[in-house]
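The values are calculated or read from the model by the stated rules, or taken from the named source; none is laboratory data. Since we're looking at a predicted model, the values are computed, not measured. Because the Cβ atoms are built from the backbone with ideal geometry, glycine has one as well, and the counts that use them run over all protein chains shown. Quick note on the areas: whole protein, heavy atoms, side chains included, nothing else; ligands and nucleic acids left out. Shrake-Rupley method; radii C 1.70, N 1.55, O 1.52, S 1.80 Å.
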Amino acid sequence: QADLYVEKLNPANPDEYLYKFQWRRMEIERETLRVKGRAEPQPITLKYTVHGPVIHEDLKRHRAYALRWVGAEPGGAGYLAALSLSRAKNWKEFLTEVERYKVPSENIVYADVDGNIGWQAAGLTPVRPRWSGLLPVPGDAGQFEWSGFLRAEQQPRSFNPPTHSIATANHNILPPGWRPPLSYEWSLPFRYERIREMLSGSKKFTVADFERMQQDVTSVPARRFQEVLKRWKTPGRATETVAELLRWDARLTVDSRAALIYEVWTSRLPVAVFGTQLGAKVNVAMLLKTLEAEPHEKALAESLEAALQEIEKRLGKDRSAWRWGALHRVQFRHPLGVEAFHRGPLERPGDGNTVNATSGTGFTQTNGASYRQIVDLSDWDRSVMTNVPGESGDPESKHYDDLIKEWAEGRYHPMAFSRKAVEAVTVERIELTPR
């Protein structure tokens, strides 16, 4: 949804740039910004070319870099189209309103009280006649301008598919051979594969079933890693550890020792297999594919020993204290940096490749779902939700963190919908009276 343009600056006047063989003056705005620790507001100069805001200037080379982004287009405010989408009464109206959806790119799913389900890959997508959008393009000749945008009907969608279910997990959702590409970067497919596995069969699912699905921490990569270990002739103290991993159910629960060993071990394996420079760029899919083709027994042994030493250093030599949750945690830090407003740390299950996604660097969760809901279209009052840290953004409110324990434990509470249900659970009313 964005392109980086390289603008040629006038050597005699850096506030001018070349566009279609003419020097144009940049639009310039001057603002001030208060900065903590400084008494006076700091001056800021904002520059714009025809392509968008200038995000970097290289005056030595007489170049500027401008960002064109669909969010700057009319109606590009984030989630603005949700106001009209929420009023759609059927699939036809949904398709009409989704044409207005621009930012951010989303998988939008649809369901109605008649039992229909649908999916639309939504987001304002530029049409690039001569380039892919992967690399910066020159902005001076005007040869790399967007020639409009794709309509929603030109992007992937589905309605009542034969699978009787729809699943998306930030994976590559494009049908084979789809043109033009909507993206080049996707999450690994493991979460989607696990969702499809849980949805397979003819079983009718309840709200409780979907709660378990959303909180599922079964690791598809861990299962594949176990198959690699079955072919490895383990040396020394690795024998006992590998045997424990092979007995493991591949669930990344907070109290699992095997999950802890698996995570720390596989975090060290890429460098052991590919070397320092390349290993840092290798994801778990590439790692597994390599190990499945070639055992790399020396790398397995060395990385396991290093992993066990790291765990002992962090958690001690007593293996009864080795738990995934002891290492894998989340911290909620308030933007103001006030210690009293922070919450956590909390132990967390899963990782970035489980349906309950809890990814982050250094074994700390920094990404994942803060809010989840399950909607029962046959009875809206049976819908449930979970959120974190609470219902209120006011640190002095008793509702500031009243949901955090429930969320951390994967528990849900009713999402009242009807007037009767809402009034039955109301504990506080706020009236806003104009003066």
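The set of residues from the range 161-178 being over 24 Å from the mean Cα position of the chain (by Cα) and open to solvent by 50 Å² or more (accessible area, probe 1.4 Å) comprises P162, T163, H164, G177. The numbered conditions (1) under 20 Å from W186 (Cα atoms); (2) at pLDDT 95 or above are all true for G133 except (2). A count restricted to the range 106-146 and to residues that are open to solvent by 30 Å² or more (accessible area, probe 1.4 Å) and among the hydroxyl-bearing types (S, T, Y) stands at 1. Of all residues in the range 183-204, exactly one satisfies the criterion of being surrounded by 12 or more Cβ atoms within 10 Å (Cβ to Cβ), in contact with a Ser or Thr (Cβ under 9 Å, 6 or more places away or on another chain) and part of a loop (DSSP other than H, G, I, E, B), namely S183.
If I filter the range 193-209 for residues that are in contact (Cβ under 8 Å) with a residue 24 or more places away in the chain, within 26 Å of Y412 (Cβ to Cβ) and touching a strand residue (DSSP E or B) at 6+ places or on another chain (Cβ under 8 Å), do I get at least one hit? So far as the range 193-209 goes, yes, one or more of its residues are in contact (Cβ under 8 Å) with a residue 24 or more places away in the chain, within 26 Å of Y412 (Cβ to Cβ) and touching a strand residue (DSSP E or B) at 6+ places or on another chain (Cβ under 8 Å).
If the requirement is being surrounded by fewer than 16 Cβ atoms within 10 Å (Cβ to Cβ) and closer than 30 Å to K317 by Cβ, which of these qualifies: D209, D249?
On the way: D209 fails: closer than 30 Å to K317 by Cβ.
D249 is the lone residue from the list that is surrounded by fewer than 16 Cβ atoms within 10 Å (Cβ to Cβ) and closer than 30 Å to K317 by Cβ.
Identification of strands (runs of 3 or more DSSP E) wholly contained in the range 33-121 with 1 or more residues that are more than 30 Å from I173 (Cβ to Cβ) yields 42-49, 52-58, 63-69.
Hey, can you tell me all the residues within the range 296-317 that are charged (D, E, K, R) and open to solvent by less than 60 Å² (accessible area, probe 1.4 Å)? Break it down into steps so the answer makes sense when it comes.
Step one: filter the range 296-317 for residues charged (D, E, K, R), giving 297-298, 302, 305, 310, 312-314, 317.
If the condition is that a residue be charged (D, E, K, R) and open to solvent by less than 60 Å² (accessible area, probe 1.4 Å), then E310, E312 are the ones that fit.
Scanning the range 391-417 for residues that are open to solvent by 90 Å² or more (accessible area, probe 1.4 Å) and assigned to a helix (DSSP H, G or I) gives a single hit, K405.
Apart from one condition, V388 fits all of (1) crowded, with 18+ Cβ neighbours inside 10 Å; (2) more than 20 Å from the chain's Cα centre (by Cα); the exception is (2).
For the range 7-18, the condition of being open to solvent by 60 Å² or more (accessible area, probe 1.4 Å) and touching a residue at least 60 places away in the same chain (Cβ under 8 Å) holds for at least one residue.
Check V375, V422 and return the single one that is at pLDDT 95 or above, of a type in the set (A, V, I, L, M, F, W, C), closer than 30 Å to W186 by Cα and surrounded by 11 or more Cβ atoms within 10 Å (Cβ to Cβ).
Details: V422 fails: closer than 30 Å to W186 by Cα.
None of the other options fit; the residue is V375.
Against the list (1) in contact with a helix residue (DSSP H, G or I) (Cβ under 8 Å, 6 or more places away or on another chain); (2) more than 25 Å from S187 (Cβ to Cβ), the condition V113 fails is (1). Can you report the number of residues in the range 1-32 which are assigned to a strand (DSSP E or B) and within 31 Å of the chain's Cα centre (by Cα)? The number of residues fulfilling the criteria is 5. Candidates in the range 318-357 are the residues that are over 27 Å from V228 (Cα atoms) and in a loop (DSSP other than H, G, I, E, B); of these, the one that is most open to solvent (accessible area, probe 1.4 Å) is R333. Filtering S147, S187, S158, S132 for residues that are under 30 Å from G201 (Cα atoms), hydroxyl-bearing (S, T, Y) and more than 22 Å from the chain's Cα centre (by Cα) leaves a single hit, S158.
Scanning the range 285-297 for residues that are touching a residue at least 24 places away in the same chain (Cβ under 8 Å) and within 15 Å of L229 (Cα to Cα) returns L288, L291, E292, P295, H296, E297.
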